[in-house]
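Beneath this line is the structure, given in structure tokens, with notes to follow.
Rule-based calculations on the coordinates, nothing more; no lab input. What you are looking at is a predicted structure, and each value in this text was computed from that prediction instead of being measured. All Cβ positions, glycine included, derive from the backbone under ideal geometry; neighbour counts span all protein chains shown.
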Amino acid sequence: MKQISAQDLDFKELNEQVKAATEDVCVDNCYGQRFMGSAMKGKTLVINGTPGNALGAYLDGGIIEVKGNAQDAVGDTMNDGRIIVHGSTGDALGYAMRGGNIFIRGNSGYRTGIHMKEYKTKKPAIVIGGKTGSFLGEYLAGGVIVVLGIDIEGIPVGNFTGTGMHGGKIFIRTNKELSGLPAQVVLDVASADDLKEIEPYVAEFAKHFGVDAGSFLKDRFYVLRPNAKNPYKQLYTHN
């Protein structure tokens, strides 16, 4: 594995070195450099520190693992691969994500999963260990979002969850009652069959972060689906 110190490197020079590497890469002393792992495929990138905005943008395969926190727009328009963050992330996690998986041990900010979509065999997934900000799954068009709410008191999502949602599913683990949801979603307690759908994602989350997947799946999850009777009509014109 090639070792790179990001200390005293700007984001352009650092990314050039990462892209030029013909083997897996470990970056130390990362302090806010942007676009790390952009469009990467075919290798693993380990980052010690805090990468800046758009980590893994357009990621097309391979693995990015962050031993720390990450900033906004992680996995922007990601197509394939995995992003694993051992801390928390900022806003717009997985924006327009269309493939691959993202695992966050801590929390994420506002608009997690906005405009996520799926196509044919491409089915993106995001698993958040802690809580998210408001507008989770805004305009969600496909894929799966799981919020585990680990060690969170109260509801682990903010306001306006699923606003404009017209595809995909959102799973939220909580003993609290969810309320104030927009008209675009239907809320149910997740059934055994529903939980089978997220079991592989929760198991992989547990493997990455050394926690017990089985204990989570014994708890109550809500599942949010798009309400076909009440689509987000304001966005469309009619004859």
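Using the Kirkwood radius built from alpha carbon pairs, what does the Stokes-Einstein equation give as D for the chain at 10 °C and 1.306 mPa s, in µm² per second? My calculation gives 89 µm²/s for D. Treating the angle as unsigned and between 0 and 90°, give the value, to the nearest 10°, between the Cα long axis of helix 11-20 and the longest Cα principal axis of the chain. Its long axis makes an angle of about 80 degrees. Distance between the C-alpha centres of segment 95-113 and segment 12-64: 17 Å, rounded to the whole angstrom. Couplings for segment 45-50, taken from phi via the Karplus curve 6.51 cos²θ - 1.76 cosθ + 1.60 with θ = phi - 60°, read 10, 9, 10, 9, x, 10 Hz in order; Gly and Pro are left as x.
Based on other C-beta atoms within 10 Å, arrange Asp60, Asp8, Asp91 from fewest to most.
On the way: Asp60 16, Asp8 8, Asp91 19.
Taking fewest neighbouring Cβ atoms as first place, the list is Asp8, Asp60, Asp91.
Sorting the segments 175-188, 92-105 by their residues' average number of neighbouring beta-carbon atoms within 10 angstrom, most packed first, yields 92-105, 175-188.
Which value, in debye to the nearest 20, describes the size of the charge dipole of segment 2-235 about its Cα centre when Lys and Arg Cβ atoms bear +1, Asp and Glu Cβ atoms bear -1, and nothing else is charged?
640 debye
The long axis of helix 192-209 is offset from the longest Cα principal axis of the chain by roughly 20 degrees.
Compactness ratio for segment 30-144: Cα radius of gyration over 2.2 N^0.38 Å (N = residue count) comes to 0.91.
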